[in-house]
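The values are calculated or read from the model by the stated rules, or taken from the named source; none is laboratory data. Owing to the predicted nature of the structure, the values given are computational and were not obtained by experimental measurement. Cβ: placed from backbone, ideal geometry, glycine included. Neighbour counts: every protein chain shown. These accessible areas exclude ligands, DNA and RNA; they are computed on the full protein's heavy atoms, side chains included. Shrake-Rupley method; radii C 1.70, N 1.55, O 1.52, S 1.80 Å.
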2 protein chains.
Amino acid sequence: MDLLKQKILNEGIVLPGNILKVDNFLNHQIDPQLMYEIGLAFADIFADMKITKILTIEASGIPPALMTGYIMKIPVVYAKKTEAANLDSDYLSAEVYSYTRKKSYIIRVSRNYLKSGDCVLLIDDFLANGQAVLGLSDLVDQAGACLAGAGIVIEKAFQQGGDRVRQRGIYVRSLARIEDMSGGTVQFCDE
Amino acid sequence: MDLLKQKILNEGIVLPGNILKVDNFLNHQIDPQLMYEIGLAFADIFADMKITKILTIEASGIPPALMTGYIMKIPVVYAKKTEAANLDSDYLSAEVYSYTRKKSYIIRVSRNYLKSGDCVLLIDDFLANGQAVLGLSDLVDQAGACLAGAGIVIEKAFQQGGDRVRQRGIYVRSLARIEDMSGGTVQFCDE
């Protein structure tokens, strides 16, 4: 997606430790018009898959997931990272290890909102080590739902998550795949 | 906003402790089409105020804030509740006490995304005790920005937050104001 890649090149900042800071438009300040374009791209990619539900994780997955759901006219569910007071006692849960934060956390989704009849599209802002996608996919399995695939805004293709997730048979499409940023500038995969 | 009130009456669940469970469409599963209508309503209310930025708190404030920003073509910033690895070291912060969770937490916004020239619209899903709005308003003050007002999806008008926030001179508009739900059913304020 050219608009997204241009935005990453213009406004993304590469920090030590393979961190790509895109909090100017993706995960702290959000550019709603760009999120809409991202939603259009995912809606186009996954148009024919009879998706009934979009699943993401709070908080940074919500903007691209919401816009995709808006365009596809499909409800969006976000897995929670904390045990909310108003969460049903009957929930699905999975453990996710965060390499960024160097600790595990539990993600939870009420059983009311993920069911065996669902055909689920996962959406997330980043794919790096793949733990979040695997955790979400685990919830989909537990619900007995079908997993249509995962739509990722930015994939760090030089890390192992993409391979790990695809080896599990999950269909992954990323709007921007980064081949390398070790020199301080972002290089995208040829596609 | 009639569509929202109808949705609350049809799908909201009143739980003991004055909890209104609306996680079927607002804060766990999200109805994107309803969020768009909510965004239209806020955009209409705050149309003439020369807003330059929308500010909310992760995670449940993001959906209504994002749609409002999309319609108004204004960037959205969400305050973070955890110290993210990629957050600037130079941030604004405020303490917010959560009556639901019975503990305080710190909200943070990078100084890059809230500045003295900004005219800020706060958006949140609920107004009950007012702590979140006051915390966000504190961040706006610290940035030297101007606060245009606060757009709230659901106000529990029987709790004190609305009065508390309005007494500070903050212009608040809520799309659904609940007068009472002590009997287990929701009654809206006459407006």
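Is it fair to say B:Ser93 is small (Gly, Ala, Ser) and at pLDDT below 95? Answer is no for this residue. The set of residues in the range A:40-54 that are crowded, with 24+ Cβ neighbours inside 10 Å and within 10 Å of chain B (Cβ to nearest Cβ) contains only A:Ile54.
In this structure, B:Gln33 does not qualify as at the interface with another protein chain (Cβ under 8 Å from one of its Cβ atoms), open to solvent by less than 40 Å² (accessible area, probe 1.4 Å) and more than 13 Å from the chain's Cα centre (by Cα).
Do we find that A:Val165 is over 19 Å from A:Val77 (Cβ atoms), open to solvent by less than 20 Å² (accessible area, probe 1.4 Å), modelled with pLDDT of 95 or more and in contact with an Asp or Glu (Cβ under 8 Å, 6 or more places away or on another chain) in this structure? It is false that A:Val165 is over 19 Å from A:Val77 (Cβ atoms), open to solvent by less than 20 Å² (accessible area, probe 1.4 Å), modelled with pLDDT of 95 or more and in contact with an Asp or Glu (Cβ under 8 Å, 6 or more places away or on another chain).
Looking only at the range A:2-39, count how many residues are out of contact with any strand residue (DSSP E or B) (no Cβ under 9 Å at 6 or more places or on another chain), within 21 Å of A:Arg173 (Cα to Cα) and part of a loop (DSSP other than H, G, I, E, B). Adding up the residues that qualify gives 1. Restrict the check to the range A:3-19 and report whether at least one residue is basic (Lys, Arg), more than 20 Å from A:Ile123 (Cβ to Cβ) and surrounded by fewer than 19 Cβ atoms within 10 Å (Cβ to Cβ). No. Of the strands (runs of 3 or more DSSP E) lying entirely inside the range B:40-119, the ones with 1 or more residues being among the polar types (S, T, N, Q) are found at B:53-57, B:91-98, B:103-110. Residues that are part of a loop (DSSP other than H, G, I, E, B) and either among the charged types (D, E, K, R) or open to solvent by 40 Å² or more (accessible area, probe 1.4 Å) (or both) within the range B:136-162 comprise B:Gly144, B:Phe158, B:Gln159, B:Gln160, listed in sequence order.
For the range A:64-77, indicate whether the set of residues that are more than 12 Å from the chain's Cα centre (by Cα) and either open to solvent by 50 Å² or more (accessible area, probe 1.4 Å) or more than 9 Å from every other protein chain (Cβ to nearest Cβ) (or both) is non-empty. Among the residues of the range A:64-77, at least one is more than 12 Å from the chain's Cα centre (by Cα) and either open to solvent by 50 Å² or more (accessible area, probe 1.4 Å) or more than 9 Å from every other protein chain (Cβ to nearest Cβ) (or both), which makes the answer yes. Among the candidates A:Asp88, A:Asp118, A:Asp125, the residue that is open to solvent by less than 50 Å² (accessible area, probe 1.4 Å), under 24 Å from B:Pro32 (Cα atoms), modelled with pLDDT under 95 and within 14 Å of chain B (Cβ to nearest Cβ) is uniquely A:Asp88.
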